[in-house]
Amino acid sequence: MNSQPTDNWDMVLEPSTRWWDLQLRDVWHYRDLLWMFVRRDFVAVYKQTILGPLWFFIQPLLTTAMFTVIFSGLAKLPTDGLPPMLFYLAGITPWNYFSTCLTKTSSSFVANAGIFGKVYFPRLVTPLSIVISNLIQFAIQFLLFFAFLGWFAWKGAAVNPDWAMIFLLTPILLGIMAFLGLGTGIIISSLTTKYRDFTFLVAFGVQLAMYATPVIYPASMVPEKYAFWLNLNPMAPVIEAFRAIYLGGTIPWDGLGISAAITAVLLFLGIVMFKKVERSFMDTV
């Protein structure tokens, strides 16, 4: 049998072996699939529950009430003169978005192995859909926070929203949280295909990370010798900046710069690892 030269073929399919070829253009070409996944991720969360979308309100309310009783009422932790319930809700709202993005994207390969093994599409669409669908959940919980903010302001609480910074910084803080959760999550997802220990480590690690982030305490109570290490936590300046623009306070600009730099590095490393693992993960997952 004579083999036909490849020059006579209309198209030659070859695997991409260049580590810098991230193929992000393919994600845009499959944007319709991305929005289908976004709808699936959002609807499927509480589809067969009795209370349905009300859980988006119940979860942060119960968590805030528990923190108020335990950490403010019993442990007497300071809240920088802010109403405890508003202080904790301002920390829980952004933290929930980041932690949910991280935990759900960290299982992208394992959870979607059945789909990945049957049809081609850019695998990065799956974790991106999680980050976008969680924005809807964040928006709902943010409205809850904003309602409490209005209530406490009407009652005369010492809250001073900076409206100019709210419009300027809120999209930036959202971007940092989204890309940080995405980058860290897909790094873990790439490692989980070979080392399933990371599956158990994620849930436990996220809980520990919350206590290393000023969610239940203000950064002002952290001793000076630990302040540097706190700033290396990219979510710490984000939480502090979120509180500062909505409740009043000093925006940690230096910390936000460090947080943005760490986020950019983790996102780039995550995408590179994700693209590398997706070529052969079906052999190990």
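Here are the numbers for this structure:
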{"quantity": "Hz values of 3J(HN,Hα) by residue in segment 71-81 - Karplus curve (6.51, -1.76, 1.60), Gly and Pro given as x", "calculated": "7, 8, x, 8, 7, 6, 6, x, 10, 6, x"}
{"quantity": "Per-residue Cβ neighbour rank within 10 angstrom, fewest leading, ILE245, ILE132", "calculated": "ILE132, ILE245"}
{"quantity": "Neighbour-count ranking [beta-carbon atoms within 10 angstrom, fewest first] of ILE136, ILE271, ILE130", "calculated": "ILE136, ILE271, ILE130"}
{"quantity": "Span-rule helices in the chain, defined as complete DSSP H runs reaching 20 Å or more along the axis (Cα) with Kyte mean at least 1.6", "calculated": "125-154, 163-192"}
{"quantity": "Sum of side-chain charges, ILE251 neighbourhood, beta-carbon under 12 Å (Lys, Arg +1; Asp, Glu -1)", "calculated": "-2"}
{"quantity": "Contact order normalised by residue count of the chain, Cα under 8 Å, 6+ apart, percent", "calculated": "26"}
{"quantity": "Residue with peak Gaussian network fluctuation, the chain [Cα springs, cutoff 10 Å], from VAL238, VAL215, VAL265", "calculated": "VAL265"}
{"quantity": "FRET efficiency, VAL222 to MET165 (Cβ-Cβ, R0 22 Å, nearest 0.05)", "calculated": "0.45"}
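Each value in this text was obtained by applying a stated rule to the coordinates, not by laboratory testing. Computed from a prediction, not measured in an experiment: that's the story for all the values here. As a convention, Cβ positions derive from the backbone with ideal geometry for all residues, glycine included, and neighbour counts pool all protein chains shown.
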